[in-house]
Amino acid sequence: MTTETQPYPCSDCGRSFLTGRALASHRQMKHSVAARHRAIVKEVEQQRAAAVPPEAARPYACAECGARFLTQSGLENHGRQAHAGRGRRPISVGLVAFAERHGWKCHWCGEPVRYDVNDRHGLGPSREHLVPASQGGGRRADNLVLAHKRCNQRRGTIDPEAFRRLLAGEAVTAAEMWPERKS
């Protein structure tokens, strides 16, 4: 029997453990490829969060909808795409009727959907499939709801209940967001 109390040192960091199983668990959690990947993902998320400028740093505001932009050209592009009279795509009659049936209210965030902008604008109307078309969801009335274009795009193929929890600020795992995917 050895006289040392912790005979299993980690070759990466030098920390010692009482059992080989504890050392193996430590190496899996701290020094594996997955652990390095988690650290990189966390660092990238922190960098992205730091890179998003506050509203005060976005000096160019759209007079029509209040959207803010970093540059004058960003504001001009927004104006051409969302509010320009010439070349502006009007909302289709079918989409207007659909929005009327749903009360011009976004299914996801509950905010009003804008009717004075076209359907390319983030606050404009879009038909949202509760079960995505890519997963076999059809265009039946019980599978379609009204949503902002941006809410529709943010959701993508995320499970409806998981997306609601995300919007509420709750933590959601990838398995909850995409339950049909097998790991």
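Quick note: the coordinates plus some simple rules give every number you see, no bench work behind them. Small disclaimer: the values here were computed from a predicted structure and weren't measured. When we count neighbours, we look across all protein chains shown, and the Cβ atoms used for this are built from the backbone with ideal geometry, even at glycine.
Residues in the stretch 137-146 carry Karplus couplings, in order, of x, x, 9, 5, 4, 6, 9, 10, 9, 8 Hz; the curve used is 6.51 cos²θ - 1.76 cosθ + 1.60 with θ = phi - 60°, and Gly or Pro positions show x. Which of V93, V33, V117 moves the most in a Gaussian network model of the chain with Cα springs under 10 Å? Among V93, V33, V117, the largest GNM mean-square fluctuation belongs to V33. Roughly what would the spin-label model give for R48 and R21, points 7 Å off Cα along C-beta, in nm? If labels sit at R48 and R21, their model points lie 3.8 nm apart. Put a dot 7 Å past the Cα of Q81, heading toward its Cβ, do the same for R101, and the two dots end up 2.9 nm apart. Ordering G94, L146, A174 by the projection of their Cα atoms onto the charge dipole of the chain, which places +1 on the Cβ of Lys and Arg and -1 on the Cβ of Asp and Glu, puts G94 at the extreme positive end. Basic side chains Lys and Arg get +1 at the Cβ, acidic Asp and Glu get -1 at the Cβ, and with that the dipole of the stretch 8-48 about its Cα centre reaches some 80 debye.
Between [x] 106, 27, 27; [y] 85, 43, 24; [z] 87, 28, 23, which matches Cα extents along the principal axes in Å calculated for the structure shown? After the calculation, the listed value that fits is [y]. Under the convention that each Lys and Arg Cβ holds +1 and each Asp and Glu Cβ holds -1, the size of the dipole of the chain around its Cα centre is about 380 debye. Nearest 10 degrees, 0 to 90: what angle lies between the long axis of helix 33-51 and the longest principal axis of the chain (Cα atoms)? Helix 33-51 sits roughly 40 degrees off the main axis of the chain. Residue exposure proxy: D119, D159, D12, ordered by other Cβ atoms within 10 angstrom of their Cβ from fewest to most, comes out as D12, D119, D159.
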